[in-house]
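Input: a single structure, listed below in structure tokens.
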Amino acid sequence: MNSIDIVLVKPGAQKKLYGELSAFSLTAIEPPFWAALLAAVLLQKGYSVELIDAEVMNWTPAETAEKIQELNPLLVAIMVSGTNPSASTMNMSGAHSILECLNEIGPEIKTLLAGLHPSALPGQTLRDEKVDFICQGEGIKTLPSLLEALKSKTEDFKINGLWYKTEGQIVSNPRPKLVKNLDELPMPAWHLLPMKKYRAHNWHCFDDIDHRQPYGVIYTSLGCPFHCSFCCINALFGKPGIRLRSPKFVIEEIDFLVSNFGIKNIKIIDEMFAFKESHISEISSLIQERGHDLNIWAYARVNTVTPKMLNWLKIGGVNWLAYGFESASKKVLKDVSKGFDLDTVDNVVEMTRDAGIYICSNYMFGLPEDDYETMRATLDKAKEINAEWANFQATMAYPGSKLYDTAVDQRLPLPETWEGFSQYAYETLPLPTNYLSGAEVLTFRDAAFNEYYSNPDYLNMIEKKFGMYVVDHVRQMTAHQIPRRVR
């Protein structure tokens, strides 16, 4: 007899994925949004649910498997999903290890993998892993239907979104329709998680860097209407598009996080938050009415922000906006369908700073048309913008993206392990460009990181805005060189 219906698990492999950085608390640890949302959906339908975050608990795969066995669930669902395109595939490493351990000590427990990566490669994931089921898509409709089938002991799994094997053959079902009205969904089950253990990014808290905990995430929309060839986010949803959540439900969740966990630092996980001005103004007005003292960061896009929108964002407590500037080369951007006018970047930077908002600028080295000259131009542009924080990413062909399909078709070298898709792992292997190897791209990326954060103009700006204490923190950060397998 099973003790509970389902255990939802967020795998953890911080040391493999972040190398030495994991030991110095430089990385953030986010609450697992998708696991918490699905837990809430299942609780609402009357199922008994447990939620395990092996990452924040710092449990080994063996410890995680032992805990699952103790709970003795009918089904364990391992969520291989982060809240951005780069955070799913690399977590397959932890998911694989948990499945290996669980198959040794609790082979009778039914297992399922869900999230962005399994949605992108459902057949391959089912073939490669010792797992009973794959959930393709959000899981909001698939998981309740699967639990109902398991409880009734049927072997007929004609459930939209579900992949499984029968007599050695893979059976796939069509994707379920997306939930159109997000207001039908319950608030994520944050009460099942150790919310005070989560930690914000170091840069997010430059104003108060010693207080990065607790940390929360909220969503005000799902999906993205754009189709950049390097992005895999829509593999989870099946197609480009955006669905908005009513401000009324957003503020109720913020109220809950503030009153129950004392959360001030919040990430809005929407892929496209700065999209609709009226949506932002309504949410910001409600936050202002409550008088919440929040430190929020969110994603924005160069061609969707306006001065009025930026002012509303600041009113709502958004102190940081993350822009995908990606490259300083028009040729490089056009090749990956990044649809904004490069000439507008300086204006957007000025508007954002005029609104009193800090910038987290994102750049990519190693896009298909990149060479040393274009990457150097991108780094020079980054230093010219001199954002308060800059992420330098080596281009990865993430499963679910057009770049991945191209890499497979052209037999381009891909990482040998899933953790090789992490930006900071020893195994990291970027995609080669039309002119450079992956190793050359990675070497440039690591040198660019150090050049940017040791730049006197940057350090002087940080001292002026945040003080010498943060400057010292940045210097300590750059002192940790990342070991790499390829150079």
Within segment 34-86, the residues that are surrounded by 20 or more Cβ atoms within 10 Å (Cβ to Cβ), over 30 Å from ASP183 (Cα atoms) and not hydrophobic (A, V, I, L, M, F, W, C) are PRO61, THR64
Considering segment 421-437, residues that are surrounded by 22 or more Cβ atoms within 10 Å (Cβ to Cβ) and within 9 Å of MET90 (Cβ to Cβ), and then whichever is farthest from the chain's Cα centre (by Cα), we arrive at ALA425
- [ ] Would you check if there is a residue in segment 246-260 being in contact with an Asp or Glu (Cβ under 7 Å, 6 or more places away or on another chain) and either of a type in the set (A, V, I, L, M, F, W, C) or not assigned by TED's automatic domain parsing to the domain that holds HIS204 (or both)?
- [x] yes
LEU459: passes all of (1) crowded, with 16+ Cβ neighbours inside 10 Å; (2) touching a residue at least 40 places away in the same chain (Cβ under 8 Å); (3) not aromatic (Phe, Trp, Tyr) but (2)
Counting only helices (runs of 4 or more DSSP H) entirely within segment 57-126, those with at least 1 residues that are in contact with a Lys or Arg (Cβ under 6 Å, 6 or more places away or on another chain) are 92-105
Query raised in the report: Does segment 348-367 include one or more residues that are modelled with pLDDT under 95 and either under 17 Å from ASN455 (Cα atoms) or of a type in the set (Asp, Glu) (or both)?
Result: no
How many residues of segment 250-285 are buried (at least 16 other Cβ atoms within 10 Å of the Cβ) and within 15 Å of ASP183 (Cβ to Cβ)? The answer is 6
Turns out the strands (runs of 3 or more DSSP E) fully within segment 130-227 with at least 3 residues that are outside the structural domain of ALA300 (by TED's automatic domain parsing) and surrounded by 19 or more Cβ atoms within 10 Å (Cβ to Cβ) are 133-135, 162-166
Matching residues in segment 151-204 (charged (D, E, K, R), at negative phi and without any contact (Cβ under 8 Å) to a residue 60 or more places away in the chain) number 6
Condition set in contact (Cβ under 8 Å) with a residue 60 or more places away in the chain and not charged (D, E, K, R), scope segment 325-357, selection farthest from ASP405 (Cα to Cα): answer is PHE325
Of TYR435, TYR424, TYR372, the only residue that is of a type in the set (Phe, Trp, Tyr) and at pLDDT below 95 is TYR424
If we keep only residues of segment 397-434 that are touching a helix residue (DSSP H, G or I) at 6+ places or on another chain (Cβ under 6 Å) and among the small types (Gly, Ala, Ser), then the residue nearest to CYS232 (Cα to Cα) is GLY400
Within segment 286-306, restricting to residues that are surrounded by fewer than 20 Cβ atoms within 10 Å (Cβ to Cβ) and among the β-branched types (Val, Ile, Thr), the one that is farthest from the chain's Cα centre (by Cα) is THR306
So, first residue modelled with pLDDT of 80 or more in segment 4-16, second residue of a type in the set (Ser, Thr, Tyr) and in a loop (DSSP other than H, G, I, E, B), Cβ within less than 9 Å, six or more apart or across chains; the pairs are ILE4/TYR47; ILE4/SER48; ASP5/TYR47; ASP5/SER48; ILE6/TYR47; ILE6/SER48; LYS10/SER81; GLY12/THR60
Q. Does ALA447 qualify as being hydrophobic (A, V, I, L, M, F, W, C), in a helix (DSSP H, G or I) and either within 20 Å of ARG484 (Cα to Cα) or modelled with pLDDT under 95 (or both)?
A. yes
The condition of being within 21 Å of ALA28 (Cα to Cα) and in contact with a strand residue (DSSP E or B) (Cβ under 6 Å, 6 or more places away or on another chain) holds, among ILE242, ILE233, ILE254, ILE268, only for ILE268
Of those in segment 228-249 that are surrounded by fewer than 21 Cβ atoms within 10 Å (Cβ to Cβ) and of a type in the set (Phe, Trp, Tyr), the residue farthest from HIS279 (Cα to Cα) is PHE237
Q: Taking LEU431 as the residue in question, decide whether it is in contact with a Leu (Cβ under 7 Å, 6 or more places away or on another chain), closer than 20 Å to SER327 by Cβ and of a type in the set (A, V, I, L, M, F, W, C).
A: yes
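The values are calculated or read from the model by the stated rules, or taken from the named source; none is laboratory data. Predicted, not measured: the structure shown is a model, and the values here were computed from it. Methodologically, a virtual Cβ is constructed for each residue, glycine included, from the backbone with ideal geometry; neighbour enumeration extends over all protein chains shown.
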